[in-house]
1. Which residue fluctuates most in the GNM of chain A (Cα springs below 10 Å): A:90, A:80, A:61?
2. How tilted is helix A:30-41 with respect to the longest principal axis of chain A? Cα atoms for both, answer in degrees (0 to 90, nearest 10).
3. How many angstrom separate the Cα center of the range B:77-92 from the Cα center of the range B:46-63?
4. If the label for residue B:14 sits 7 angstrom from Cα along the Cα-to-Cβ line, what are its distances to the same label in every other copy, in nm to one decimal, shortest first?
5. When only C-alpha pairs under 8 Å and at least 6 residues apart count, what is the relative contact order of chain B, in percent?
6. Using a label point 7 Å beyond Cα on the Cα-Cβ vector, give me the inter-copy distances for residue B:111 in nanometres, one decimal, shortest first.
7. Quick check: the angle from helix A:99-111's long axis to the longest principal axis of chain A, C-alpha only, nearest 10 degrees?
8. With springs only between Cα atoms under 10 Å, which of A:14, A:47, A:60 fluctuates most in a Gaussian network model of chain A?
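Each reported figure results from applying straightforward, stated rules to the coordinates on display, with no laboratory input. Note that the structure is predicted; figures quoted are calculated from it, not measured. Glycine also receives a Cβ, built like all others from the backbone with ideal geometry; neighbour counts cover every protein chain displayed.
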DNA sequence: TGGTAAGTTCGACGTACGTCGAACCCGCCC
DNA sequence: GGGCGGGTTCGACGTACGTCGAACTTACCA
């Protein structure tokens, strides 16, 4: 009752897209870049956390999710009881035109040298 | 060996453009981003080191120049006795299409908010 | 032949960052 | 109800990074 003032308490607020420096720092870490890449592959929809990383512990991954959210690159939601992240493609493209797509392309070419 | 083995000893070799991670890291530092911005403003030609930074010591600036060179973003030359840096626009654009221009644009808009 | 100015290199130092395990929370479903 | 799997938070720890001043090199100039 008195505990929750609003029906949906937003414990994980969506941040505005941060400045170039912070966004570049967020994207510069290999683990985070991979998360963003998978999010992009997922077609822009909310994706369960567990599908987004390999090789690091849950706590480390959670920390990276937080960093990405604070840079405004992703937002959190809960779908069917699972915590999910979504890439804010449109918002990021508007704030920092071209950066996300260029970085994603470069990352893809690194992975698939073709 | 007191003498140089080759007539033109390249003490400061030009590096190939590094991978996305290293380039993003290089660009993520505010001091380095400013250096790159000024280099870009200079029209792509070699620019004396002293014109490229404010607020940090010479040794710190020299360290940042080295980081940029190792990421393949810049190269060093000597013009009229002065040490100069040049932005490798074409090479970076070919290796990582769109990234440099997008970052530069975002940095400019940060500095000149329209 | 000094002297000065510009750059680089070399430690040193403090802070920020990535990483982990443990503890905790929350929904599910046996 | 009790256990379980997925996430988050909280220290703690080690390393990487940005910063500086001092020392050194080189080039230029009086």
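1. Evaluated over chain A, the most mobile residue of the options is A:80.
2. 80
3. Using only Cα atoms, the two centres lie 13 Å from each other.
4. Once sorted, the set of distances for residue B:14 reads 4.6 nm.
5. Relative contact order here is 30 percent.
6. Computed spacing set for this position: 3.5 nm.
7. Tilt relative to chain A: about 60 degrees.
8. A:60
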